[in-house]
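All of the numbers you see were taken from the coordinates with simple rules; none came from a lab. Model, not experiment: these values are computed from the prediction. All Cβ positions, glycine included, derive from the backbone under ideal geometry; neighbour counts span all protein chains shown.
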């Protein structure tokens, strides 16, 4: 398997930003792009993103401007957007591209695999735990004063 150097992420929601931020911290914003249709790109190109109360800059790209395949394509859109994204990711997919779907439900992989041959489309599950102090728990040797949440601590707001 060839090393993953470039990543295209389709889906700028919590899961897309979660995996995008981790990949960007590992590689760089030059190698990790959030790709979206022209209308979404125009709407989000000036947005500010915050992850765990820290500002985070993502590289966004208009899907119409994609000129080369990526090594990894992550699909993290809502179910109703999948049909459009299946065709939209085509310029990002080459013969060695790995496609990972991080979507709710169990049919997205089949839909992607109907256009892109396996093993290019990879089955996956997503899990993220965020540890936060629990204000109501008491410290003792039998109680853990913490709780776990499955939601990533990500917020997204518009630039003023």
Note to self: How far apart, in nanometres, would the label points at residue 96 and residue 46 be if each is projected 7 angstrom from Cα along the Cα-to-Cβ direction?
What the structure shows: 4.0 nm
Item checked: Label-point separation in nm, residue 116 to residue 104, each point 7 Å along Cα→Cβ -> 2.3 nm
Note to self: Sort 11-23, 105-117, 76-88 by the packing proxy (mean of other Cβ within 10 Å over each peptide's residues), most packed first.
What the structure shows: 11-23, 76-88, 105-117
Checklist line | In nm, spacing of pseudo-spin labels at residue 54 and residue 29 (7 Å Cα→C-beta vector) | finding: 1.4 nm
